[in-house]
1. Only one of these conditions is not met by Val284: (1) out of contact with any helix residue (DSSP H, G or I) (no Cβ under 9 Å at 6 or more places or on another chain); (2) modelled with pLDDT of 85 or more; (3) among the β-branched types (Val, Ile, Thr). Which number is it?
2. Restricting to the stretch 141-182, give me the number of residues that are touching a helix residue (DSSP H, G or I) at 6+ places or on another chain (Cβ under 6 Å) and under 22 Å from Ala101 (Cβ atoms).
3. Of all residues in the stretch 84-102, which are farther than 16 Å from Glu166 by Cα and surrounded by fewer than 24 Cβ atoms within 10 Å (Cβ to Cβ)?
4. State whether one or more residues within the stretch 54-65 are farther than 22 Å from Leu135 by Cα and either out of contact with any helix residue (DSSP H, G or I) (no Cβ under 9 Å at 6 or more places or on another chain) or among the aliphatic types (A, V, I, L, M) (or both).
5. Find the residue count for the stretch 58-86, including only residues that are of a type outside the set (Asp, Glu), free of Cβ contacts under 8 Å to residues at least 40 places away in the same chain and in a loop (DSSP other than H, G, I, E, B).
6. Is one or more of the residues making up the stretch 1-16 hydrophobic (A, V, I, L, M, F, W, C), modelled with pLDDT under 95 and farther than 29 Å from Ala229 by Cβ?
7. Please report, ordered by residue number, the helices (runs of 4 or more DSSP H) entirely within the stretch 169-256 with at least 1 residues that are at pLDDT below 90.
8. Out of everything in the stretch 133-168 that is of a type outside the set (Val, Ile, Thr) and part of a loop (DSSP other than H, G, I, E, B), what residue ends up being surrounded by the fewest Cβ atoms within 10 Å (Cβ to Cβ)?
Amino acid sequence: MNRTLGVVGVGLVGGSVGLAAKAAGWEVVGVDAPAVLEEAAAFGAIDRASTIKEARGADLVVLAAPISKVADLVGDLAPTDALVTDVASAKTRIVGAAEAAGLSRFVGGHPMAGSQLSGVANAEVDLFRGARYFLTPTGRTDPEAYREVAGFVRDLGAVPTAVDPEKHDLLMAALSHLPHLMAVALLKVASDVSPEALSFAGPSFRDLTRVGASSPRLWSDILAENASAVGKALAHFAGAMAQLGSEIQDKGKVEERFRAAREAYDALGGILVEMSDKNVELAVPVENRPGVFAEVTTLMGSNDINILDLYVRHSNTERAALVLTLNAEAAPVAQGLLRQAGFGAKILG
């Protein structure tokens, strides 16, 4: 018999959970608005529509609704014998709500994978493949429940990593939530300097501020949910910026700061970006016309070439370069395919 998975909230992440779980042999039912469930079923992310009441009888329930709704959904699920987890990027309040509701088989979770895009139409079966996936057990977590959720995470293709809920939230504040706020601040500073400033921005500024284009509603929810930890991260950041400001005319101290930053960045690559030394960037000059990016990415996907990351480097309003990060072995093949399709393509670095 198939194991049954209930996905509550079938957007980008919930839809990707459904696609990956179905590929691993799970029967997937979805809980969401009727129009969303219709789209999810047509897309193949769920087998059929369901309700919270029915989901209580599933083998496993994944709460993938907006973060501000997850704690309430925990209460709506109780009582249930189902294994329950979630995908929210802040954990302390949600884990506490699950324990207060008496969900004895709840294990908090958070996949370190996602996209600036939203909606089930952008879900991917391989979204979690190779990604770190945090699980946040406490002293009250059932060890067997943890083992089963960790097994499900492996079914999705991800790597489970246990961390305390409060430590998780501080990590996310520093590694994800603070960078989003920095992007918002940098874009405001540049706009305040000059209305034309952003048109002159180079790749480094675009890299730093890319996440500023993320969903406003989603991120207002996330930051409010993790306000305490974000406040601590902001205080540390303000202190660091003040110290750098006081040293700005001391070339030796500033050089040492950049040296320490390079060492930290190199360590980051070793921890979080597996095989980073085997990836390269491929620049694809394109005209500014509808559908051109889709042509490039579809060509890669149809030939089983995985795009690890991408960004756009603008030269003017009519021309740009789409820069793809690819596995080094795939890059020459991709370059050949693009040239056959009429695109220029140059391997950088």
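1. (1)
2. So the answer is 3.
3. If the condition is that a residue be farther than 16 Å from Glu166 by Cα and surrounded by fewer than 24 Cβ atoms within 10 Å (Cβ to Cβ), then Ala100, Ala101, Gly102 are the ones that fit.
4. yes
5. Within the stretch 58-86, residues that are of a type outside the set (Asp, Glu), free of Cβ contacts under 8 Å to residues at least 40 places away in the same chain and in a loop (DSSP other than H, G, I, E, B) number 3.
6. Yes, the conditions are met somewhere in the stretch 1-16.
7. Passing ranges, in order: 203-209, 216-225.
8. Per the stated criteria, the residue is Gly139.
The values are calculated or read from the model by the stated rules, or taken from the named source; none is laboratory data. All of these numbers come straight from a predicted model, not from anything done at the bench. Every residue, glycine as well, gets a Cβ built from its backbone with ideal geometry; the counts of neighbours run over all protein chains shown.
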